Amino acid sequence: MLFRSGALIVFEPSVIEDSPIFREALEIAHILKYARGGIRRPRRVKLPNRRLLEIETLGSEGLRYRSYIPSCKTSGWQHLESYRPGKVRDAGGAGDWCTAGLIYMLGARGIFGFLRTTKARLQASFSFAQALASWNCQYIGARGGMYKVDKKTFQEDISAIMSCTH
């Protein structure tokens, strides 16, 4: 894996293919994120176990993950329920908002900070990422909410979502 540059590499494929460039992307990714049902793996393609965090989003059912981060390894898959948005208007872009939240929380200090992620930080990152995804579902379009609310309202909305139980 690439550690020398300090970059945290997130790979979010929509399909799994048997090609050299795809295998290379899998080999260098620190985080692999994909949507349930959105990815089909041909039998001959084996996912390498080198990634540090694997995430499968499950739509309204939340997400599941397994962590190989040294400071917060899991034994198998861990499931997290999603937040329930007030009114679902459009789920388009929710996965992208989730990814952006994870990168914001886990990638701020590059790979070296990511490698020191604590269990509490990992949980907070997933909570924040899922709150962003839930918030997005209340608006039409992948970036609809960005055009409807100001920064202060956005922050208040995210805080309110995160204060709810899953």
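The values are calculated or read from the model by the stated rules, or taken from the named source; none is laboratory data. Note that this is a predicted model, so its numbers are computed, not measured. In this analysis, Cβ positions are derived from the backbone assuming ideal geometry, glycine residues included, and neighbour counts consider all displayed protein chains. These accessible areas exclude ligands, DNA and RNA; they are computed on the full protein's heavy atoms, side chains included. Shrake-Rupley method; radii C 1.70, N 1.55, O 1.52, S 1.80 Å.
Computed over the alpha-carbon atoms, the chain gives an Rg to Rh ratio of 0.97, Rh here being the Kirkwood radius from the mean inverse distance. Phi-derived couplings, Karplus 6.51 cos²θ - 1.76 cosθ + 1.60 at θ = phi - 60°, listed residue by residue for the stretch 129-137: 4, 5, 5, 4, 4, 5, 4, 4, 5 Hz, with x used for Gly and Pro. Restriction of the chymotrypsin sites (Phe, Trp or Tyr not before Pro) in the stretch 62-166 to DSSP coil positions whose beta-carbon has at most 16 other beta-carbons within 10 angstrom yields Y68, W77. Given their separation in residues at 0.36 nm each and the Cα-Cα distance between them, F22 and M146 gain 41.4 nm when the chain is fully extended. Here the Karplus curve 6.51 cos²θ - 1.76 cosθ + 1.60, taken at θ = phi - 60°, turns the phi angles of the stretch 89-99 into couplings of 9, 6, 8, x, x, 4, x, 5, 5, 4, 4 Hz, with x standing for Gly and Pro.
In the context of the full protein assembly, H79 retains an accessible surface of approximately 90 Å², using a probe radius of 1.4 Å and ignoring ligands and nucleic acids. In this simple spin-label model, placing a label point 7 Å from the Cα along the Cα-to-Cβ direction at both S14 and S60 gives a separation of 2.4 nm. Summarising the strand pairing of the chain, around 55 percent of its internal DSSP beta bridges are antiparallel.
Computed over protein heavy atoms with a 1.4 Å probe, the accessible surface of the chain works out to 58 Å² per residue. Per-residue ellipticity at 222 nm, computed for the chain from helices alone with -39500 (n - 2.57) per DSSP H run of at least four residues, works out to -10500 deg cm²/dmol.
Does the stretch 63-123 classify as rounded, prolate or oblate by the C-alpha gyration tensor (a ≥ b ≥ c root eigenvalues; a/c under 1.5 gives rounded; else a/b over b/c gives prolate, otherwise oblate)? Oblate is the answer for the stretch 63-123, as a/c is 1.5 or above yet b/c matches or exceeds a/b.
The heavy atoms of K152 present about 130 square angstrom of accessible area, all protein chains included, probe 1.4 Å. Against the criterion of solvent-accessible heavy-atom surface with a 1.4 angstrom probe, R116, R36 sort, most first, into R116, R36.
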